[in-house]
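The values are calculated or read from the model by the stated rules, or taken from the named source; none is laboratory data. Everything quoted here is computed from the prediction, not taken from an experiment. FYI the Cβ positions are ideal-geometry reconstructions off the backbone, even for glycines, and counts take in every protein chain you see. Side chains are part of the model used for accessible areas, which takes the heavy atoms of the whole protein and leaves out ligands, DNA and RNA. Shrake-Rupley method; radii C 1.70, N 1.55, O 1.52, S 1.80 Å.
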Amino acid sequence: MCAATGCKFSQGVSAISTNFRHNEQIRISPIFLIDENENKIGSTSTAEALRRARELGLDLVEVAPTARPPVCRLMDYGKWRYQQQKKEDKSRASSRGGQLKELKLRTVKIGVHDLMIKINHAREFLKEGNKVQFTLQFRGREMAHLDLGRDIFKKIKEELWPVSKVERDAKMEGRRMTLVLQPEHKAPGAKPPQKGGSAPQASRAQNAFGAGSSLNIPQRPAAAVATAPAPVQEPAPAGR
């Protein structure tokens, strides 16, 4: 804060414009000078301030043009503008975050290229902090192939796993299937959880035989396994 003018001139202040008169664009003299260390030098001729700026390899920037005399400071103007632009971009990205973005898939016959375009758009939305809802439309006879829609959503979840997690899994709403993902950035090198393997053969057989038990369906007794008699070994003929 400049005591003489009440204006903020600290480097990186985002409340002020980044387009200032600087160097030879400053016509008025004298000025109120602030040096590169934010020390108040006071009233100085513009020519002297420019000389000091050149010796330091810096710019003379008019940060408070309406003050009398105008407040100028010594700074790296290009670097300062770059930092301000980065702050504005970050602020803009933060303001976009937290929304629900919808991506519509018009048919289960969507091509691989078109699907990847949708996935890439979703990846950008998730990186910005937005949730993403995929909406898959089933047309006509496509309603008989809901499994194709689930396969598409499985592919989407696998591709976006590094930057998301499932908030609401595939769900039918009329003729539409929806999937909602929310942002979750995984650590570099993280691997998706492996699903458990298939059940052992004996377990599958046991489950298959037990199917319908809760419906009080009588179970047929297992057929007895016939045991073949052991073959009778004939004695070897006596030697002569």
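Criterion first (open to solvent by 20 Å² or more (accessible area, probe 1.4 Å), touching a residue at least 40 places away in the same chain (Cβ under 8 Å) and not in a strand (DSSP E or B)) does LYS79 satisfy it?
Spelling it out, it is not the case that LYS79 is open to solvent by 20 Å² or more (accessible area, probe 1.4 Å), touching a residue at least 40 places away in the same chain (Cβ under 8 Å) and not in a strand (DSSP E or B).
Considering the range 34-75 alone, what residues qualify as being under 15 Å from ASN19 (Cα atoms) and open to solvent by 70 Å² or more (accessible area, probe 1.4 Å)?
Once the filter is applied, which keeps residues that are under 15 Å from ASN19 (Cα atoms) and open to solvent by 70 Å² or more (accessible area, probe 1.4 Å), the range 34-75 yields only THR66.
Given the conditions (1) without any contact (Cβ under 8 Å) to a residue 60 or more places away in the chain; (2) of a type in the set (A, V, I, L, M); (3) assigned to a loop (DSSP other than H, G, I, E, B), and given that LEU74 satisfies all but one, which numbered condition is not satisfied?
Here LEU74 meets the rest and fails (3).
How about the range 154-183: which of its residues are among the charged types (D, E, K, R), out of contact with any helix residue (DSSP H, G or I) (no Cβ under 6 Å at 6 or more places or on another chain) and in contact (Cβ under 8 Å) with a residue 24 or more places away in the chain?
LYS155, LYS157, GLU158, GLU167, ARG175, ARG176
Among what's in the range 82-97 and is under 14 Å from GLU124 (Cα atoms) and either open to solvent by 80 Å² or more (accessible area, probe 1.4 Å) or assigned to a helix (DSSP H, G or I) (or both), pick the residue that is modelled with the lowest pLDDT.
The extreme case among them is ARG96.
Scan the range 38-65 for residues that are touching a residue at least 12 places away in the same chain (Cβ under 8 Å) and either part of a strand (DSSP E or B) or on the phi < 0 side of the Ramachandran plot (or both) and report the count.
The total comes to 19.
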